[in-house]
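The values are calculated or read from the model by the stated rules, or taken from the named source; none is laboratory data. Values in this document were obtained by computation on a predicted structure and should not be read as measured data. As a convention, Cβ positions derive from the backbone with ideal geometry for all residues, glycine included, and neighbour counts pool all protein chains shown.
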Amino acid sequence: MRKFLKFIAAAVSVLMPATLAAIPERPYPPRLVNDFAGIFSPVQKNTLERRLSAFADSTSNQITVVTVTDLEGSSAAEYGTEIGIRWGVGSGKFDNGIVVLVKPKTAGTDGEANISVGYGLEGAIPDSYAKRIIENEMIPAFRSGDYYTGVDKACTVLMKLASGEISEYGGSPGEDMLIVLFTILFIIILVAILSKNKGGGKNNGNRGGGRKRIIDDDFTRGLIIGSLLNSGSGNCGRNSGNGYGGGFGGFGGGDFGGGGASGRW
Amino acid sequence: MKKALIIIVAVMAVIAIWAVTGYNGLVSGEEKVRAAWSQVENVYQRRLDLIPNLVATVKGYAQHEQGTLESVVAARSKATQISVDPNMLTEESIAEFQEAQGEIGAALGRLLAISENYPDLKANQNFMELQAELAGTENRIATERRKYNESARAYNTMVRRFPRNILASMFGFSQKGYFESDDNAAAAPKVEF
């Protein structure tokens, strides 16, 4: 029996794809800040999430922050890369994802930090830049126990570097408001024209002209209803995206090749 | 009589469709393996490209380490001579490639170890950046090797599985070799009883 079990175990270990340690499942609903280690306060988490998702909306670059208490025996670089690949951080088109990984220092173990950079951003954020961000922005703050400041400062620099490379406009709330305003303006103007025409029609004795105007009215009514429906559906889509803490729509299937840097303290 | 003919034609059509889709599947599977292999070569090349700069930087601070520096250069020139034909990704050719590259890894490890003894070198900005690039490249190598192994595994399964294995042997699709895990197999799963 033992032999049999051993055989099974050997067979399983051979057949098992060479995937690494058990990384956390892709978050659902999608989130950019995944504080599994619990080192941020709820306010900090929300602030960072909003900041990162606004950045993802405006440039299409996705930066995700992940904190864990244990790297499951793999290096921080491997762990971060694996998260990037399996979660699909960044868009599939640009591979423009970044994973910021923090394993806080505990009594018995070193703290470890890693920045993994997707294929598409390797040019904008070379390994030596990532290393400098870790050494200059993150670790000094981490040493004094202020994880939020370190991560926040790192994200500021990463955003600056990443947006220089890829800046695909994803439609911002500002643009949205403009569209809504124009639609409202359009409706007001249409209604004004319509009521004027109606007034003119009553005074006009010509039947043929009246009929024509009725068709016109139907046409304009259709336009109004159409534009109302249109703006309505637009709002719906936007709202469902905004439902969870700031509008992050989900990871886009970006790929990683192992670029980035890590550090420990 | 007519019915029989129709049935024969139908069966032949089904077989033809199966053969075409099966063949195309094998072709695209092999293409994926080749693409993964070229990525592997890219990242190894990246490491080779870092070496001259690294050696030059270390030389300026650690003249007494000629032996270690030379072993890095020697391992590099040896590795540049060994390339793998992407059409012949056999177990042996990959093992040979891996061995030559492994020597570079070992020589670089020794070089970085001795650099610990030279505080001026460690504080050198250029050296620090090279170290970061080198660490990133090592992780890239690990990542691309893993991706290559995954695509080779998927392809090999396709080649070996019945009935597609008939097609594979007919058209000469052979199995691809894997990267063996290096000496530091600490990350490999261990099962104990």
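When region B:61-73 is examined, which residues are found to be more than 14 Å from B:Leu112 (Cβ to Cβ) and in contact (Cβ under 8 Å) with a residue 12 or more places away in the chain? Working first, answer last.
So in region B:61-73, the residues more than 14 Å from B:Leu112 (Cβ to Cβ) come out as B:63-64, B:66-67, B:70, B:73.
Matches in region B:61-73: B:Val73 only.
Conditions tested, residue by residue: (1) farther than 28 Å from A:Gly247 by Cα; (2) more than 14 Å from chain B (Cβ to nearest Cβ); (3) modelled with pLDDT of 90 or more.
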site: A:Lys3; (1), (2), (3): yes, no, no
site: A:Lys6; (1), (2), (3): yes, no, no
site: A:Ile23; (1), (2), (3): no, no, no
site: A:Pro29; (1), (2), (3): no, yes, no
site: A:Asn34; (1), (2), (3): no, yes, yes
site: A:Phe40; (1), (2), (3): no, yes, yes
site: A:Asn46; (1), (2), (3): no, yes, yes
site: A:Glu49; (1), (2), (3): no, yes, yes
site: A:Ser53; (1), (2), (3): no, yes, yes
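Scan region A:155-167 and report the pairs whose first residue is under 18 Å from A:Ile139 (Cα atoms) and whose second residue is surrounded by fewer than 19 Cβ atoms within 10 Å (Cβ to Cβ) and at pLDDT 85 or above, with Cβ atoms within less than 8 Å and a gap of 6+ or a chain change.
Qualifying pairs under 8 Å: A:Cys155/A:Arg51.
Count, please, the residues in region A:114-145 that happen to be closer than 17 Å to A:Ile39 by Cβ and either out of contact with any helix residue (DSSP H, G or I) (no Cβ under 7 Å at 6 or more places or on another chain) or part of a helix (DSSP H, G or I) (or both).
Final tally of qualifying residues: 10.
Among what's in region A:114-150 and is more than 14 Å from every other protein chain (Cβ to nearest Cβ) and hydroxyl-bearing (Ser, Thr, Tyr), pick the residue that is farthest from A:Ser41 (Cα to Cα).
If we take residues in region A:114-150 being more than 14 Å from every other protein chain (Cβ to nearest Cβ) and hydroxyl-bearing (Ser, Thr, Tyr), then A:Ser144 is farthest from A:Ser41 (Cα to Cα).
Scan region A:103-119 residue by residue and report those that are within 19 Å of the chain's Cα centre (by Cα) and surrounded by 24 or more Cβ atoms within 10 Å (Cβ to Cβ). Write out each step before concluding.
In the first step, residues of region A:103-119 are kept if they are within 19 Å of the chain's Cα centre (by Cα); the result is A:115-119.
Matches in region A:103-119: A:Ile115, A:Ser116, A:Val117, A:Gly118.
With respect to B:Val40, determine if the residue is assigned to a helix (DSSP H, G or I) and in contact with an Asp or Glu (Cβ under 7 Å, 6 or more places away or on another chain). Spell out the reasoning first.
Numbers: assigned to a helix (DSSP H, G or I): yes; in contact with an Asp or Glu (Cβ under 7 Å, 6 or more places away or on another chain): yes.
So B:Val40 fits the description; yes.
Please verify whether region A:31-39 includes one or more residues that are in contact (Cβ under 8 Å) with a residue 60 or more places away in the chain and charged (D, E, K, R).
Yes, region A:31-39 has at least one match.
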